[in-house]
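Reading through the structure tokens given below for one structure.
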Amino acid sequence: MHAIIGLVEAAHRGLDRIGGWLPQLALRALLGWEFLESGLQKLRGENWFADIADKFPFPFDLLPPGMSWFLATWIELIGGISLWLGLATRFWSLALLILTIVAIAGVHWPAEWSSLPELWKGYAITDRGYGNFKLPLLFVAMLLPLLCTGAGRLSLDALLRRRLE
């Protein structure tokens, strides 16, 4: 029994050692790729924000669609690369979190719903007339740990912090 307890404790110590960098690295890698890819699609594509600008929440509805498109494109591009590098991770996590919430409100939220079960139909990856806020909601949940805990030990943020101390 003591051997099993010893193995479990050793496993926990090992997980504690990688826990300061691996989870954050995994989140940064995945989110960085997704936001970079989305920014590249906007950079190469046509601005369709004019069609949905009236759905953006205040104060984002005050911006002209061209400015909103420009900001969304470059926040996704620079933010995605910065997440990969672990550079200014909390800043970019907040910027991408705000951008994602605006995207949920403007693009992914169901146009009309009258009950929670009807709203829940929008928790999907495909749009079948009920919205499709599952993926951006997952992005929000994944950005929160980076915002609250930072990039982790394997990042430029940590390297800069060590150099400045």
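The values are calculated or read from the model by the stated rules, or taken from the named source; none is laboratory data. Bear in mind that the values here come from a model prediction, so they are computed numbers and not experimental data. Methodologically, a virtual Cβ is constructed for each residue, glycine included, from the backbone with ideal geometry; neighbour enumeration extends over all protein chains shown.
Residue-level check: of (1) in contact with a Phe, Trp or Tyr (Cβ under 7 Å, 6 or more places away or on another chain); (2) under 17 Å from Phe35 (Cα atoms); (3) touching a residue at least 60 places away in the same chain (Cβ under 8 Å), Leu154 misses just (2). The single condition among (1) at pLDDT 90 or above; (2) assigned to a helix (DSSP H, G or I) that Leu87 does not meet is (2).
Can we say Leu99 is under 18 Å from Leu135 (Cα atoms), without any contact (Cβ under 8 Å) to a residue 40 or more places away in the chain and among the hydrophobic types (A, V, I, L, M, F, W, C)? When the stated conditions are applied, Leu99 passes them. Of everything in the stretch 46-78, what is outside any helix (DSSP H, G or I), in contact (Cβ under 8 Å) with a residue 40 or more places away in the chain and surrounded by fewer than 18 Cβ atoms within 10 Å (Cβ to Cβ)? Give them in sequence order. Hits for the stretch 46-78 are Ile52, Pro57.
When Ile81 is tested against (1) surrounded by fewer than 15 Cβ atoms within 10 Å (Cβ to Cβ); (2) assigned to a helix (DSSP H, G or I), just one condition goes unmet, and that condition is (1). Taken as a whole, the condition of being out of contact with any helix residue (DSSP H, G or I) (no Cβ under 9 Å at 6 or more places or on another chain), part of a helix (DSSP H, G or I) and at pLDDT 95 or above applies to Leu25.
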